[in-house]
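First up is the structure itself, then whatever we jot down about it.
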Amino acid sequence: KNASKNVLRQFRNDLGQVSRVKTIEELLGVEGNSARRYFQHFERMLLPDGWRFGGFRFENRNRRPPKDPINAMLSFAYAMLTREWTITLSAVGLDPYRGFYHQIRFGRPALALDMMEPFRPLLADSVVLTAVNNREVTESDFIYSAVGCNLKPEGRKRFIATFERRMSQEVTHPIFAYRISYRPLLEVQARLLGRFLPGETPHYPNFVTR
């Protein structure tokens, strides 16, 4: 319990640093340190000793390509969420490739990556935890090669189903106070950004669940 309080205190310190940074580079540094701390404790959200019963262990975040099942699922979930945001932003008339925080590069949906940041734990990490802790995906659903680790077709189908189920879950929007599932909620947030950019609203209301 004390360890958890200490981690939360460190995250609050990170938020304090964010309010004081002057450049994108400084912000990237704070975000990087916070992300490393988050993933250092990610395994604590998996069922205790779950690896003994077809579960998984997680040591650190790795990608391009992912080297283990948890990282393979995280990368896949982030890719699906990026696609959702790219489609949503395009649908409301915003260019998903012209971002703010993520640097603009050819073929990179920078704005989609910007908008998905607060939704990573809600719609990607949570899907990985659900799939693992509910035994919806097990060790036998993965294939290893010299370059990395990937889901097999059947495991991929079940993981996508877990993601879709999460996207269909309803939450209460903190501004409008009505119940809405996550996929249309992304569109609401995109339209709120569309109102903020030309100055129709004084700030962009980021979505938080509590």
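The values are calculated or read from the model by the stated rules, or taken from the named source; none is laboratory data. Since we're looking at a predicted model, the values are computed, not measured. A quick note on method: Cβ atoms are made from the backbone with ideal geometry, for glycine too, and the neighbour counts reach across all protein chains shown. Just the protein is used for accessible areas: all its heavy atoms, side chains included, with ligands, DNA and RNA removed. Shrake-Rupley method; radii C 1.70, N 1.55, O 1.52, S 1.80 Å.
Things worth noting here:
- When +1 charges are put on Lys and Arg Cβ atoms and -1 charges on Asp and Glu Cβ atoms, the dipole computed for the chain relative to its Cα centre reaches about 320 debye.
- Accessible-area composition of the chain, carbon plus sulfur, in percent [1.4 Å probe]: 55
- Shape category assigned to region 72-136 from the gyration tensor of Cα positions, a/c cut at 1.5: prolate
- Cβ charges +1 (Lys, Arg) and -1 (Asp, Glu), total dipole of region 82-139, debye: 200
- Anisotropy class assigned to region 1-141 is oblate, per the alpha carbon gyration tensor with a/c at or over the 1.5 cut-off and a/b no larger than b/c.
- Local electrostatic count at ARG98 - Lys and Arg +1, Asp and Glu -1, tallied over other residues with Cβ under 12 Å: 0
- Count Lys and Arg as plus one, Asp and Glu as minus one, and take only other residues whose Cβ is under 15 Å from that of ILE87; the net charge is then -1.
- Sparse-neighbour loop sites [trypsin sites (Lys or Arg not before Pro); region 5-88; at most 10 other C-beta within 10 Å; DSSP]: ARG20, LYS22
- Degrees separating the helix 69-91 axis from the principal Cα axis of the chain, which is the longest one: 30
- Sparsely packed chymotrypsin sites (Phe, Trp or Tyr not before Pro) within region 81-148, loop by DSSP, other Cβ within 10 Å at most 15: PHE100, TYR101, PHE106
- Charge tally for LEU27 (other residues, Cβ to Cβ under 14 Å; Lys, Arg +1; Asp, Glu -1): -4.
- Cα-centre dipole for region 48-153 with unit charges at Cβ (Lys and Arg positive, Asp and Glu negative), debye to 20: 300
- Positive-end extreme of charge dipole, region 1-125 - chosen from MET73, GLN10, VAL92 (charges on Cβ): GLN10
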